[in-house]
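Chemist: Just passing along the structure, written as structure tokens.
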Amino acid sequence: MLLVLSFVFFMLLGLPLFGVIGLASIISMIGMPFPMEFIPQNLYTGMDQFPLIATIGFVMAGFLMEPAGITGEIIEVAKKAVGNIRGGLAMVTILACMIFAALSGSGPATTAAIGSIMIPGMIGAGYRKDDAAAVSATGGTLGILIPPSNPMIIYGVVANTSIAGLFMAGFIPGFVMTTSMCITAYCIARKRGYKGTGEKFSVYGLLKAIWDGKWALATPVIILGGIYCGVFTPTEAAEVGVLWTLFVGLFVYRKLTWKNISSALIRTSAFAGSATVLVGVSMAFSRLLTLYHIPQSVGAFLGSISTDPTITLLLIAFFIFLCGFVADTLAMVVVLAPVFLPITNALGIHPIQLGVLFVVCCETGFLTPPFGANLFITMKITDVKLEEVALKAFPYLCTIWLLIILIAACPQLVMFLPNLLM
């Protein structure tokens, strides 16, 4: 009880999350028969995780891709594919986010990279600022579902499950979500009267755009193809992605400068420091949760409601959704996954299915105030109020919840590719 109360107390004080978790862990051990060495030992064990290097690598690759010119080429291909359809620019934004997601692994990075280019274009084509911001914020959520995905890597570490399997499991839900978002964008465009680019679709034009953007489009093929063909591990793939981005940006498009590289290194270092410490203290916190039998208590409570796997997953999803209003994505993964894994394992739910459900639920946190990261990014780009962007993003949020229900009710939607290829 002291662990939970101190956690809530420090959270309400507004301390950084790693401080909240660390202090709650230390205070809960006062008077308990555990040596204080428990904290530093578990802190070190939590940080000493080789797959964490993959997260840092994918983040750096994402920071490099926009100045390298890769983002612009991706957008051009998407424009040629769907630009002339009603609401085409919104669909271009979503498709560009889907492709960029296969490079960066980060939701906010995807929103910033694509939104900074597409939002001014949509506004110039007659879109309302809040609609343009909402579609960019929503498309950016694909950054953590389409593999590679940083939260999936963290979940794989915490759950001790296959990261490659999680990546495979994200493909079908990712394409389902992309399609449903495009349909939603089309319906909104019809209602608002938004038109396409006016440029007639041409197979030749599309093929030319693909050829011109071949170096950019080769990036996800190299990264994901290398993982699934067994050429390199996800961790090695992240570093290959960085090297490939540097090569394309410096020697092919010749847009990348040493200033861009140093900026990406600084931003990546800041992320690496915060993420590594957060994972470390969260590992200690999760072990204390287990010692205090909190997962068993939560499991007993959920079991008193239902023992049906689908209902249990939906209850877990709703709880994660509520946490998304006040918590960071990585924090939710490292803190909540150890709580729910024993429950779902007892019901025969595969850890990969729970992991994908976790990630999709975390996507909702990007679109819900007061801490919706994607909302803040697009709000700054468009200079509109947070609540206005959140309201316009609500139809897209509903499509995410439809996918959550599908994942809970249809395990094969997630497990088909891992079962087929592993």
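The values are calculated or read from the model by the stated rules, or taken from the named source; none is laboratory data. From a predicted model like this one, the values you see are computed outputs, not experimental measurements. Here Cβ is always computed from backbone atoms with ideal geometry, including for glycine, and neighbour counts include all displayed protein chains. When the accessible area is computed, the model is the full protein with side chains, heavy atoms only, and any ligands, DNA or RNA have been set aside. Shrake-Rupley method; radii C 1.70, N 1.55, O 1.52, S 1.80 Å.
Chemist: Identify, among Leu265, Ala90, Leu145, the residue whose Cα sits farthest towards the positive end of the charge dipole of the chain, taking +1 on the Cβ of Lys and Arg and -1 on the Cβ of Asp and Glu, with the dipole about the Cα centre.
Modeler: The residue sitting farthest along the positive end of the dipole is Ala90.
Chemist: Then there is this: Report which label in (1) 21.4, 73; (2) 22.5, 77; (3) 20.9, 68 holds the value of Rg and Dmax of the Cα atoms in Å derived from the coordinates of this structure.
Modeler: Here the calculated entry is (1).
Chemist: Answer with one residue from Thr55, Thr179, Val279: the one whose Cα lies farthest towards the positive end of the charge dipole of the chain, charges on Cβ with Lys, Arg +1 and Asp, Glu -1.
Modeler: The residue sitting farthest along the positive end of the dipole is Thr179.
Chemist: Quick one: 3J(HN,Hα) in Hz for the range 139-152, Karplus 6.51/-1.76/1.60 with θ = phi - 60°, rounded, Gly and Pro as x.
Modeler: Calculated HN-Hα couplings, in order: x, x, 5, 5, x, 10, 10, 5, x, x, 9, 4, x, 5 Hz.
Chemist: Would you mind listing how long the range 295-417 runs along its three principal axes, going by Cα atoms, in whole Å with the largest first?
Modeler: 48, 30, 24
Chemist: Sticking with this structure for a sec: Based on the Cβ-Cβ distance from Phe301 to Ala218, what FRET efficiency comes out when R0 is 35 Å, to the nearest 0.05?
Modeler: Efficiency, from the Cβ-Cβ distance: 0.10.
Chemist: Determine the calculated [θ] at 222 nm for the chain from helices alone, applying -39500 (n - 2.57) to every DSSP H run no shorter than 4 residues and normalising by the residue count; nearest 500 deg cm²/dmol.
Modeler: -25500 deg cm²/dmol
Chemist: At 1.4 Å probe size, with every protein chain present, just tell me what the per residue accessible area of the range 51-421 comes to in Å².
Modeler: In whole numbers, the range 51-421 has 38 Å² accessible per residue.
Chemist: Label the range 50-199 by shape, choosing from rounded, prolate and oblate, from the square roots a ≥ b ≥ c of the eigenvalues of the Cα gyration tensor; if a/c is under 1.5 it is rounded, and otherwise prolate applies when a/b is larger than b/c, oblate when it is not.
Modeler: Verdict is prolate for the range 50-199.
Chemist: Any idea what angle helix 38-47 forms with the longest principal axis of the chain, computed on alpha-carbon atoms, 0 to 90 degrees, nearest 10?
Modeler: 20
Chemist: How many percent of the accessible area of the range 162-222 is carbon or sulfur, using a 1.4 Å probe?
Modeler: Heavy-atom surface of the range 162-222 belonging to carbon and sulfur, 1.4 Å probe: 70 percent.
Chemist: Straight distance only, please: which aspartates and glutamates reach the Cα of Lys200 with their own Cα at less than 17 Å, same-chain residues fewer than 8 apart left out?
Modeler: Qualifying aspartates and glutamates at Cα under 17 Å: Glu76.
Chemist: Next up: Would you mind listing how long the range 171-308 runs along its three principal axes, going by Cα atoms, in whole Å with the largest first?
Modeler: In descending order, the Cα extents are 62, 46, 33 Å.
Chemist: In nm, what is the difference between 0.36 nm times the number of residues separating Asp308 and Leu250 and their Cα-Cα distance?
Modeler: Gain in length upon complete extension: 15.5 nm.
Chemist: Towards the positive end of the charge dipole of the chain, with charges on Cβ (+1 Lys, Arg; -1 Asp, Glu), say which of Thr233, Leu206, Cys398 has the farthest Cα.
Modeler: Towards the positive end, the residue furthest out is Leu206.
Chemist: About the Cα centre of the range 51-421, how large is the charge dipole given +1 on each Lys and Arg Cβ and -1 on each Asp and Glu Cβ? Please answer in debye to the nearest 20.
Modeler: Roughly 900 debye, rounded to the nearest 20.
Chemist: While we're looking at this one, here's another question. For Ile85, which sequence-distant residues (separation of 5 or more, or a different chain) have an amide H within less than 5 Å of its own amide H, given hydrogens modelled in the peptide plane?
Modeler: Those lying under 5 Å, H to H, from Ile85 are Thr197.
Chemist: What angle, in degrees between 0 and 90 and rounded to the nearest 10, separates the Cα long axis of helix 329-346 from the longest principal axis of the Cα atoms of the chain?
Modeler: Tilt of helix 329-346: around 60 degrees.
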